[in-house]
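Please read the structure below before turning to the comments.
The values are calculated or read from the model by the stated rules, or taken from the named source; none is laboratory data. Everything quoted here is computed from the prediction, not taken from an experiment. FYI the Cβ positions are ideal-geometry reconstructions off the backbone, even for glycines, and counts take in every protein chain you see. SASA here: full protein model, heavy atoms, side chains in, ligands and nucleic acids out. Shrake-Rupley method; radii C 1.70, N 1.55, O 1.52, S 1.80 Å.
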Amino acid sequence: MRLMRSWFDRKGYLEVDTPILSTHLIPEPTIAHFATRFIGEFRPSRELYLVPSPEVFMKQIIADTHRSIYQFSHCFRNSEQIGNHHNPEFTMLEYYTVGADEEDSIAITEELLSKTALPGSPEHVLPPFAKMSVAEACMRYAKFDLEKNQAPADLRRIAQSLGLTLPHHPESWETTFNRIFLNFVEPNLPQEKPLVLYDYPKQIDCLARETSGRPYRRRWELYAGGVELANCYDEERDVQKVTEYYRREYAALVSSRAASDEVIPDVNYDFPKIFTDFPQCSGVALGFDRLLMLQGRHKTIGDLILFNVSAMMADGD
Amino acid sequence: MIKAGQIDKGTALLIKGQPFICVEREFVNPGKGSAFVRLKLKSPSTGQVLRETMKTQDNAEDITVEDRDCQYLYNDGEQFHFMMTETYEQIEVPMGSFPDYQFIMKEGETYRVTFWEHQPLDIQVPTKVVYEVAEAEEAVKGDTVTGATKNVTTETGLVVRVPIFIKQGEKILVNTETKEYLERVNK
């Protein structure tokens, strides 16, 4: 961590430290949240949320300062994400480079990981990175043309021809894509070197900019040793588009959680206004515990996280 | 019916009419995708291994299984013959579904057998078992090339690599999953 800090400092990034408790979050229906309660003795009590990523605050700092920034942050993701590669509380390294796009971020991340690697790190976590587009991976490992199968019904036929069992009700293109991706593509990705998988389908909704004229978004995921280690966006900075994203994703979040006891966090519709004056920038979020797990040749992140909550719960504490 | 997210190691499921037991489970969240669970399932009757990744909200057909004590009698080269200790009823389990089990189970010993309806799905052999050395090679003096180990055969016919000081008639503790020698057992 110290090596990384001095690397970022040398490169002119500003280190920031943003809150873990927030009154509002960015709507992300696929992330389960933690809520806690602020007790007001003389005014109304209210729910506060543990951040699943420091993005909501870091983007406000970029809007205010137009500077490249980084942060090591404790992040929280709820629900069943407990396993060899998940702990509900984890450490995220997030860095935003002003003036850069997602391709620049590949080179930045390669330099960061080569300059700060622990001695004895295995090849599969050391740069240079291999690169492959999602479409190429689909063609290679699931034998289908991503661009020609943009309709849910077409992709459903592909999934069925691959032998997947699908629910009777129709489902979104994105869900079917993830079924194919997780069953046939991801397990077969080459693992000798870290792999940058880029050009994600635009149907997977997020705050990365769309690729003009092609059905993709400008983002990549970094896989190392078969583990998702980092993701990167060319950050969306169109106020209108971020506002639409907020409406769409918040509606999806509320409707998917209304019947359950899952946390529905508040969102702040004023947040998209920060993009009125926001520089071109590319952000990377890297799972710091996972990186150390891979560099130190450990099998689970439980080997690294002292007092990891999964183990505490298993012990009945 | 259960949700795929509820499946755990040891959960028995019916897939396309065939019973499977979950042997490995890991949750995965693809970049910005909803929660999925990656399962490794094994069919006890055929030994077939199935890897499947399902959405945690998908439905899966679980089956109710029951464990019963069964005494292992003998094998005839194709079937293991057991007797249920409660009812004295005899059952057969195809040997092909449990490779190597003829070398790790002891005749006359009682094991927990998992049943689904009347079909035996799984035989539970403890991970660490004490065996008697039935046959041992004589250690050749000064032979350090092989790392000072030799093969012995247990009373069940299991061949285990052990340190050279182990003699015929002695007892050894063996890991039944890896078939590795753990330690010598002194009475």
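Residues in segment A:44-54 carry Karplus couplings, in order, of x, 6, 7, 7, 10, 10, 7, 5, x, 5, x Hz; the curve used is 6.51 cos²θ - 1.76 cosθ + 1.60 with θ = phi - 60°, and Gly or Pro positions show x.
Assign one of three labels to chain B, namely rounded, prolate or oblate, based on the Cα gyration tensor with a ≥ b ≥ c the square roots of its eigenvalues; rounded applies when a/c is under 1.5, prolate when it is not and a/b is larger than b/c, and oblate otherwise. Oblate, since a/c reaches 1.5 and b/c is not below a/b. Dipole of the protein assembly as shown (Lys/Arg Cβ +1, Asp/Glu Cβ -1, origin at the Cα centre): which of A:63, A:258, B:60 lies farthest to the positive side? Result: A:63.
Computed over segment A:212-317, the convex hull of the alpha-carbon atoms projects to a mean area of 10.7 nm². The solvent-accessible area of residue A:5, taken with every protein chain present and a 1.4 Å probe, is close to 80 Å².
Within segment B:83-187, the percentage of alpha carbon pairs spaced more than 23 angstrom apart rounds to 37%.
In this calculation the C-beta distance from residue A:37 to residue A:169 is compared with R0 = 35 Å, giving a FRET efficiency of 0.45.
In the protein assembly as shown, the DSSP beta bridges split such that about 95 percent are antiparallel, to the nearest 5.
Determine the shape class of segment A:163-206: with a ≥ b ≥ c the square roots of the Cα gyration tensor eigenvalues, call it rounded for a/c under 1.5, and otherwise prolate if a/b is greater than b/c, oblate otherwise.
On the way: a/c = 4.91, a/b = 1.54, b/c = 3.20.
Because a/c hits 1.5 or more and a/b fails to exceed b/c, segment A:163-206 counts as oblate.
Computed over segment A:1-118, the P(r) curve from all C-alpha pair distances, binned at 10 Å from the origin, holds 12, 36, 33, 15, 4, 0 percent per bin. Each 10 Å bin from 0 upward holds the following percent of the Cα-Cα pairs of segment A:133-243: 14, 44, 33, 10, 0. For residue A:193, the lysines whose Cα falls under 21 Å of its own Cα, not counting residues fewer than eight places away in the same chain, are A:115, A:131, A:299. Ranking A:121, A:304, B:118 by how far each Cα lies toward the positive end of the dipole of the protein assembly as shown (charges on Cβ) leaves A:121 at the top.
Its residues counted as N, segment B:1-66 yields a C-alpha radius of gyration over 2.2 N^0.38 Å of 1.08. Cα gyration tensor of chain A, axes a ≥ b ≥ c as square roots of the eigenvalues: rounded (a/c below 1.5), prolate (a/b > b/c) or oblate? Rounded is the answer for chain A, as its axis ratio a/c remains below 1.5.
Diffusion of segment A:65-141 by Stokes-Einstein, at 25 °C in a medium of 0.890 mPa s and with Rh set to the Kirkwood radius over alpha-carbon pairs, works out to 157 µm²/s.
By the rule of a C-alpha distance below 19 Å, with chain neighbours fewer than 8 residues away ignored, the lysines paired with residue B:179 are B:106, B:128, B:150, B:167, B:171.
Computed over every Cα-Cα pair of segment A:200-259 and binned at 5 Å starting from 0, the pair-distance distribution P(r) comes out as 4, 16, 20, 21, 17, 13, 7, 1 percent.
For chain A, adding -39500 (n - 2.57) for each run of n ≥ 4 DSSP H residues and dividing by the number of residues yields -9000 deg cm²/dmol at 222 nm.
3J(HN,Hα) couplings calculated from phi for segment A:69-76 with the Karplus curve 6.51 cos²θ - 1.76 cosθ + 1.60 (θ = phi - 60°) are, in sequence order, 9, 9, 7, 9, 9, 6, 10, 10 Hz; Gly and Pro show x. Exposed loop sites are taken as chymotrypsin sites (Phe, Trp or Tyr not before Pro) in a DSSP loop (any state but H, G, I, E or B) with at most 12 other beta carbon atoms within 10 Å; the longest stretch of chain B without one runs B:1-87.
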